[in-house]
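**Q** Take this structure first; my questions come after.
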Amino acid sequence: MKKKVLFLFLRYVLILLFGIGGGIVFYKLFLSPTVFLSSKLLSLFGETQFVNDFIFFNNIPIEISKACVAAAAYYLFFILIMSFPLDLKKRTYLFLFNFLIFFIINVLRIFFMALLIKSNFFEEVHMAVWNLFSTIFVILVWFLSVKIFKIKEIPFYNDFIFLKSLIKKKKDYKKKIK
């Protein structure tokens, strides 16, 4: 029982620690691979270089910002995966699956947006993809992982019920002693 409480506590401490700096850990972790793979895909369609946070596609600079890397989405997946009890193996597979699938979707998003960069409707498409589709992608990836990994737990709720049962047991124990 104590071990279960300790792991619950550690999971939520990790959620808080990884959230420090607005998910900077995920930005740092995914920036280079995102820029690298996006530039490699773009090189199939034109001259491409990447320098730090920029991809130069046919001499047009494209900044890969924190929002482009989608650090917040990775952090949301991290929160969801850490917010209910799972064994280490299943939790690891969930991380790998969610992060990999979303990484691929995100790189493809950057790739297609970069191909449209010189078009007249770039800004409208960019805002639609940013505001609508990015949310839909996160939701779809999460629901897909829940289905594939047969997750029955509900983030936060299962931990809340567990803690509530501990409090009830403690109250019942105190009543027995009196």
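No lab work stands behind these numbers, since they all come straight from the coordinates. From a predicted model like this one, the values you see are computed outputs, not experimental measurements. Neighbour counts run over all protein chains shown; Cβ positions are idealised from the backbone, glycine included.
**Q** Under a crude label model (7 Å from the Cα following the beta-carbon direction), how far is Val5 from Val146 in nanometres?
**A** About 3.0 nm, to one decimal.
**Q** Angle between the Cα long axis of helix 157-177 and the longest principal axis of the chain, 0 to 90 degrees, nearest 10?
**A** Here the helix axis deviates by roughly 20 degrees.
**Q** Looking at the square roots a ≥ b ≥ c of the eigenvalues of the Cα gyration tensor of the chain, which shape do they give, rounded for a/c under 1.5, prolate if a/b is larger than b/c, or oblate? Present the calculation step by step, with values, prior to reporting the outcome.
**A** On the way: a/c = 3.18, a/b = 2.84, b/c = 1.12.
Because a/c hits 1.5 or more and a/b exceeds b/c, the chain counts as prolate.
**Q** If Lys and Arg each add +1 and Asp and Glu each add -1, what is the summed charge of the other residues whose beta carbon sits under 12 Å from the beta carbon of Lys28?
**A** Its environment carries a net charge of 0.
**Q** Ok, one more. Check cross-link reach from Lys118 to the aspartates and glutamates: straight Cα distance under 17 Å, and skip same-chain residues fewer than eight apart.
**A** Leaving aside aspartates and glutamates fewer than 8 places away in the same chain, those within reach of Lys118 are Glu47, Glu63.
**Q** Give the angle, between 0 and 90 degrees and rounded to the nearest 10, that separates the Cα long axis of helix 88-115 from the longest principal axis of the Cα atoms of the chain.
**A** It works out to around 20 degrees.
**Q** So, one more: What does the charge dipole of the stretch 12-159 about its Cα centre add up to, to the nearest 20 debye, if the Cβ of each Lys and Arg holds +1 and the Cβ of each Asp and Glu holds -1?
**A** Working: 11 positive and 8 negative charges, 103 e Å.
Here the stretch 12-159 has a charge dipole of around 500 debye.
**Q** How much length is gained if the chain between Glu63 and Ile139 is pulled fully straight, taking 0.36 nm per residue apart and subtracting their Cα-Cα distance, in nm to one decimal?
**A** Using 0.36 nm per residue and subtracting the Cα-Cα distance, I get 24.8 nm.
**Q** A further question on this structure: Kindly provide the helix-only [θ] at 222 nm of the chain, computed as the sum of -39,500 (n - 2.57) over DSSP H runs of four or more divided by all residues, to the nearest 500 deg cm²/dmol? Don't jump to the answer; show the numbers that get you there.
**A** Numbers: 7 runs with 128 residues, N = 178.
Computed mean residue ellipticity for the chain: -24500 deg cm²/dmol.
**Q** Which angle between 0 and 90 degrees, to the nearest 10, do you get for helix 2-42 versus the longest principal axis of the chain when only C-alpha atoms count?
**A** Taking Cα atoms only, the helix is inclined about 10 degrees.
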